[in-house]
Amino acid sequence: MLNQRLQQKLLQKLSPQQILLMKLLQVPSAVLDQRIKQEIEENPALEEFGEVEGEDEDSRESDTDDSMDEDSEQSEEEFDLSDYMEDDEIPSYKLNAGNQSRDDEHREIPFSSGISFHDFLTDQLSLRDLDKMQRIIAETLIGNLDDSGYLNRDIRSLVDDLAFTQNIEVSTDEVMDVLRIIQELDPPGVGARSLKECLLLQLRRREEQNPVVQRAIHILDNYFNEFTKKHYDKILKRAKINDAQLKEGVNEILKLNPKPGNSLGETARTNHYVIPDFIIHNNDGELELTLSSRNTPELRLSRTYLDMMAAYAENKKDKKNKEAFLFVKQKIDSARWFMEAIRQRQHTLYVTMKAIMDYQREYFLTGDETQLRPMILKDIAEIVSLDISTISRVANSKYVQTPYGTFLLKSFFSESMHRESGEEVSTREIKKILSDCVESEDKEKPYTDEQLTAMLKEKGYNIARRTIAKYREQLNIPVARLRKELK
């Protein structure tokens, strides 16, 4: 049954401008340039400001070349300047400045090129005597190799793929014959279906008459599980070899590449360029913070669209002129919102990073990680009077360049713990001390988690063993047994 009633609700909605600002805040500098270019392409009322500092647009448009040739009068007769004045776009030569100095910041995007891993293998097939069917099978196998060079698919599934996609009926033996050919290509170990097979393929490429290589092959063939778990005592007992022979075999295995495909990976995947969003300089004990403007070009409203809006505004009574006026006004308003969002983004980034720099002043002056203070998002949010979610967006995917290296901004945030003396310390300081203890240990007898717990308690950090294990895993430090090395 339908009925009518009054209902009162309290709702809070974000405006489109606020949503745009929130999205721009979490964008790093490396991606901001693409976002600005996308906005310029979508909104013709927005354009990049390219004029020289101290020179206004009118003076640039009226600027002419003083060094004209004697044939200028003749050229004026051949070309009518009105043909060019009708164009709304400013000629590109008027936007270029020839008075650049060495202090000017040049925005350059580094790039690299090279042959991909799969193309490298395909090129080697041309040196092999393969018939048409074998070549199709080989290209299919190469296409199914992962970035590390492994074939992680079952041979039977590849046979089915060839039947459905290439209309070729082959047997598993035929596919295996071609796979053995691929395993003979460079880099050694490519086309393996497991780590054990990858290492054995590399060893068998070497001089098999060498007793050390033979011993390494014997260890992998018969005691692979014991080798991966570093149960060297079991290998010594079962293989009936001495410590020196075991060390020689293990060292030979450690020379191998467990991921042969990574040496020739895709350039787009292996090359990662970090563009810092903030730069901190230590000027004789005074910290100076600057925003990296490498990917933040100065924007302006299009003069053409402003003139169009003024022209349409004079005659709004005409329906077509009114529709055109509303369209142009919408584009100009959108451009202004975007420019204001960029300005607010830069301001928010600066005040947030300034608060972090002041909060961690001792670290940025010395570079000593033990000087890092416990800091959470709430601490910075209270200083700059912003929401915690805003601080989180600023810290996410942003990098800061310091005199001691370039770091991810969120790595400076850490929880706090208390020492036995009651002093509040950062968990990152504890991780640093834990890492130093592991680096200084005797690799023949590495410290267990219990021993590490006792060592930290001696230093005044009363931490449980499970907490030590958690920090060790966060630092990618394996357990004591896997850190053990032979003499």
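The values are calculated or read from the model by the stated rules, or taken from the named source; none is laboratory data. This structure is a prediction, so every number in the text was calculated from the model and none was measured. Note that each Cβ is placed from the backbone with ideal geometry, even for glycine, and that neighbours are counted across all protein chains shown.
Would you point out which residue out of Glu252, Glu288 is more than 25 Å from the chain's Cα centre (by Cα), modelled with pLDDT of 85 or more, surrounded by 16 or more Cβ atoms within 10 Å (Cβ to Cβ) and not hydroxyl-bearing (Ser, Thr, Tyr)?
Details: Glu288 fails: surrounded by 16 or more Cβ atoms within 10 Å (Cβ to Cβ).
Exactly one residue qualifies, and that residue is Glu252.
Of the residues making up the range 463-487, those that are touching a Lys or Arg at 6+ places or on another chain (Cβ under 8 Å) and either part of a helix (DSSP H, G or I) or within 17 Å of Thr370 (Cβ to Cβ) (or both) are Ile463, Tyr471, Gln474, Leu475, Arg481, Leu482, Arg483.
If only residues of the range 195-208 that are without any contact (Cβ under 8 Å) to a residue 24 or more places away in the chain and under 14 Å from Ser148 (Cβ atoms) are counted, the one that is surrounded by the fewest Cβ atoms within 10 Å (Cβ to Cβ) is Glu197. Quick check on the range 364-376. Is at least one of its residues closer than 25 Å to Arg35 by Cβ and either aliphatic (A, V, I, L, M) or buried (at least 19 other Cβ atoms within 10 Å of the Cβ) (or both)? The answer is no; no qualifying residue exists. Only residues that are touching a residue at least 40 places away in the same chain (Cβ under 8 Å) and out of contact with any Pro (no Cβ under 7 Å at 6 or more places or on another chain) were counted across the range 396-412, and they come to 5. Taking (1) outside the structural domain of Met375 (by TED's automatic domain parsing); (2) touching a strand residue (DSSP E or B) at 6+ places or on another chain (Cβ under 8 Å) in turn, Leu408 satisfies each apart from (1).
Pairs are defined by a Cβ separation below 8 Å, a sequence spacing of at least 6 or placement on different chains, a first member in the range 375-388 that is on the phi < 0 side of the Ramachandran plot, and a second member that is among the basic types (Lys, Arg) and loosely packed, with under 14 Cβ neighbours inside 10 Å; the pairs so defined are Ile388/Lys378. Of the residues Ser421, Ser440, Ser435, Ser414, the single one that is at pLDDT below 85, of a type in the set (Gly, Ala, Ser) and either buried (at least 16 other Cβ atoms within 10 Å of the Cβ) or within 30 Å of Arg481 (Cβ to Cβ) (or both) is Ser414.
Among all positions in the range 325-332, there is at least one residue which is at pLDDT 80 or above and either touching a Leu at 6+ places or on another chain (Cβ under 7 Å) or within 30 Å of Ile391 (Cβ to Cβ) (or both).
So that you can scan it fast, the table gives a plain yes or no per residue for (1) among the acidic types (Asp, Glu); (2) part of a helix (DSSP H, G or I); (3) touching a helix residue (DSSP H, G or I) at 6+ places or on another chain (Cβ under 6 Å):
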{"site": "Thr290", "(1), (2), (3)": "no, no, no"}
{"site": "Tyr305", "(1), (2), (3)": "no, yes, yes"}
{"site": "Ala310", "(1), (2), (3)": "no, yes, no"}
{"site": "Val328", "(1), (2), (3)": "no, yes, yes"}
{"site": "Asp333", "(1), (2), (3)": "yes, yes, no"}
{"site": "Arg336", "(1), (2), (3)": "no, yes, no"}
{"site": "Glu340", "(1), (2), (3)": "yes, yes, no"}
{"site": "Arg343", "(1), (2), (3)": "no, yes, no"}
{"site": "Leu386", "(1), (2), (3)": "no, no, no"}
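Annotation: Glu174 fulfils all but one of (1) outside any helix (DSSP H, G or I); (2) at pLDDT 85 or above; (3) among the acidic types (Asp, Glu); the unmet one is (1).
Beta carbons closer than 6 Å, at least 6 apart along the sequence or on distinct chains, pair a first residue in the range 152-166 that is assigned by TED's automatic domain parsing to the domain that holds Ile137 and more than 15 Å from Met176 (Cβ to Cβ) with a second that is among the aliphatic types (A, V, I, L, M) and part of a helix (DSSP H, G or I) for Gln166/Ile136.
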